[in-house]
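Laboratory data are not the source of any read-out in this text; all were calculated from the coordinates shown. The structure presented is a predicted model; accordingly, all values stated were derived computationally and were not measured. Here the Cβ positions follow ideal geometry from the backbone for every residue, glycine too, while neighbour counts run over all protein chains shown.
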Amino acid sequence: MIVLLVGPQGAGKGTVAERLSKESGLVHISTGDLLRAEAKSGSDLGKKLAAIMEAGGLVDDNLMLDILEKRLAQPDAKMGVLLDGFPRTVPQAKALNDRVIVDCVIQLTAPDEVVIARISNRWQCRNCGTIYGVDVPPKTAGICDKCQGELYQRKDDQPDAVKKRLATYYKETEPILALYTDLIKKVDASRKLDVILQDCRQALADCRNSDG
Ligand code: ADP
């Protein structure tokens, strides 16, 4: 089963994906996390990726496809995946459709002012990648509940990069939805996390049922 989570930055894709993956057994694959892991490795490729991400740009489609292909080839991906942050362009969506059958697309919607406010309160663990925010604060400020890692604010969460990323989302990513019109379940992500999660669970259940 392949489920896509699509929505603007700050809509909560990462948090929703993490929770749904625990409950459903689907493997959470975040292309942002894959890229940050490569950047953290300090490799030449990682340095290039870090510069693109910090500026709020998009990584080249072919390179992104290569990275995703490797992740999808790992054995755990056979359990089914929840894709967070991919596809992000029409060419990526077409390449994905050539390789797999997408079963369900959960579209998280939220107005710009809501997501911008959320992003400015978003903290991520440097070690395990867990995301914290107003709805899900860490027990101790600056420290990850799960692994005691250091929480930091991503450079691409600074206001100028956020505006650029949102503009790119509307221009490059939203058009992919036209490829999946029959599969889309829209969820209003401007509400509280528990209600968003409830709707996403339902969307996933509906999708499983229609799959037979
Ligand atoms: P967000 O959804 O908040 O932008 P992500 O963690 O999904 O955060 O992505 C962080 C950055 O990684 C993006 O701004 C972009 O530079 C890069 N990135 C992630 N996924 C893709 C993708 N599918 N194609 C191109 N670039 C990507």
Discussion item. Quick check on my filter: what residues within the range 66-93 are without any contact (Cβ under 8 Å) to a residue 12 or more places away in the chain and within 21 Å of Arg208 (Cα to Cα)?
Written reply: Lys78
Discussion item. Condition first: surrounded by 14 or more Cβ atoms within 10 Å (Cβ to Cβ) and closer than 20 Å to Ile116 by Cβ. Now tell me which residues in the range 136-150 satisfy that.
Written reply: Val136
Practice prompt. Could you please give the count of residues in the range 40-65 that are without any contact (Cβ under 8 Å) to a residue 60 or more places away in the chain, of a type in the set (A, V, I, L, M, F, W, C) and either within 9 Å of the ligand (Cβ to nearest atom) or under 28 Å from Cys200 (Cα atoms) (or both)?
Written response: 6
Worksheet item: Looking only at residues in the range 66-107 that are out of contact with any strand residue (DSSP E or B) (no Cβ under 9 Å at 6 or more places or on another chain) and among the aliphatic types (A, V, I, L, M), which one is nearest to the ligand (Cβ to nearest atom)?
Response: Ile67
Item to complete: List every residue pair whose Cβ atoms sit under 7 Å apart, with the two residues 6 or more apart in sequence or on different chains, where the first one lies in the range 131-159 and is farther than 25 Å from Asp194 by Cβ and the second, anywhere, is loosely packed, with under 12 Cβ neighbours inside 10 Å and of a type in the set (Gly, Ala, Ser).
Response: Glu150/Gly142
Worksheet item: In the range 158-180, which residues are within 10 Å of the ligand (Cβ to nearest atom), among the charged types (D, E, K, R) and under 19 Å from Ala51 (Cα atoms)?
Response: Lys164, Arg165
Worksheet item: Could you give every pair whose Cβ atoms fall below 6 Å, whose first residue belongs to the range 102-130 and is within 14 Å of Lys13 (Cα to Cα) and free of Cβ contacts under 8 Å to residues at least 60 places away in the same chain, and whose second residue is among the small types (Gly, Ala, Ser) and not in a strand (DSSP E or B), counting only separations of at least 6 or pairs across chains?
Response: none
Worksheet item: Within the range 22-39, can you find the residues that are within 13 Å of the ligand (Cβ to nearest atom) and without any contact (Cβ under 8 Å) to a residue 40 or more places away in the chain?
Response: Leu34, Leu35, Ala37, Glu38, Ala39
